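The structure appears below as C-alpha cells.
The values are calculated or read from the model by the stated rules, or taken from the named source; none is laboratory data. Since we're looking at a predicted model, the values are computed, not measured. Cβ sites come from the backbone with ideal geometry, for glycine too, and all protein chains shown count toward neighbours.
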Amino acid sequence: MMIEDLVDNITLFLKDGAASAIPRPCSEDEISKAETAFSAEFHHVFPEAYKRVLRRANGLAHNGLIIWPAAPESLFQETILQANTDQRENFSDDFIYYGQIDEELYVFDINTEKYFAIEYVGKSVWKKFESAEEMFEFMLKRALE
C-alpha cells in the first residue's frame with residue numbers, strides 16, 4: 001500500500017471513531033516554510049516520503065504512532081522542528097527524528113545516511129530501512145495493526 005493510502009486509512013479510522021479533531025493536510029507553502037526552517041537548523045531537507053504524509057495530514061497520532069507535523073497543529077505539542085530540537089538535546093544529535101511509536105524512534109542517521117528504527121532505551125537499532133519511503137510505510141502499517 002502506498003503512503004497516501006495508509007494515511008487515508010488512518011484518517012478514515014479516526015473519522016469513524018468520532019475523533020475530536022483530525023489533522024488537516026499541510027499546504028505546499030507550509031511544507032516549504034517548515035522545510036526551510038528545518039534545513040537552516042539541522043542542514044537536512046525533508047524526504048519526499050515525509051512530504052507525502054504531510055500533503056494528506058499535517059502530522060499523525062494514532063495507536064501509539066506520532067509523526068510530527070510540519071506546521072503548528074492543535075493536536076500536537078510540537079512540530080517536527082521542535083521535536084527534533086528536544087530529541088537531539090535529550091537523546092542524541094546523531095539523528096533526525098520523524099516519528100515515534102511508544103518506545104521506538106524512527107530516524108535518519110546523519111553519520112551513515114540510513115533510516116532506522118531504534119529503541120528509545122539503549123539506542124539500539126532494531127530495524128534498518130532501505131529508504132525513507134520504506135520507513136514511513138512501516139510506521140503507518142504498524143499504526144493500523
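For the reader, a short list of remarks on this structure follows.
- Residue in region 15-23 that is modelled with pLDDT of 95 or more and within 14 Å of the chain's Cα centre (by Cα) present: no
- Any hit, region 76-97, residues being closer than 20 Å to Met2 by Cα and among the aromatic types (Phe, Trp, Tyr): no
- Residue list for region 109-145, filter: surrounded by 21 or more Cβ atoms within 10 Å (Cβ to Cβ) and of a type in the set (Phe, Trp, Tyr): Tyr115, Phe136
- When region 88-100 is limited to residues that are among the hydrophobic types (A, V, I, L, M, F, W, C) and buried (at least 18 other Cβ atoms within 10 Å of the Cβ), the one that is farthest from the chain's Cα centre (by Cα) turns out to be Phe95.
- Region 119-145 - residue that is among the small types (Gly, Ala, Ser) and free of Cβ contacts under 8 Å to residues at least 24 places away in the same chain and, of those, farthest from Pro47 (Cα to Cα): Gly122
- Conditions (1) in contact with a helix residue (DSSP H, G or I) (Cβ under 7 Å, 6 or more places away or on another chain); (2) closer than 17 Å to Met139 by Cβ; (3) among the charged types (D, E, K, R); number of the one not met by Glu103: (1)
- Selection from region 33-60 of residues that are loosely packed, with under 14 Cβ neighbours inside 10 Å and hydroxyl-bearing (Ser, Thr, Tyr): Thr36, Ser39
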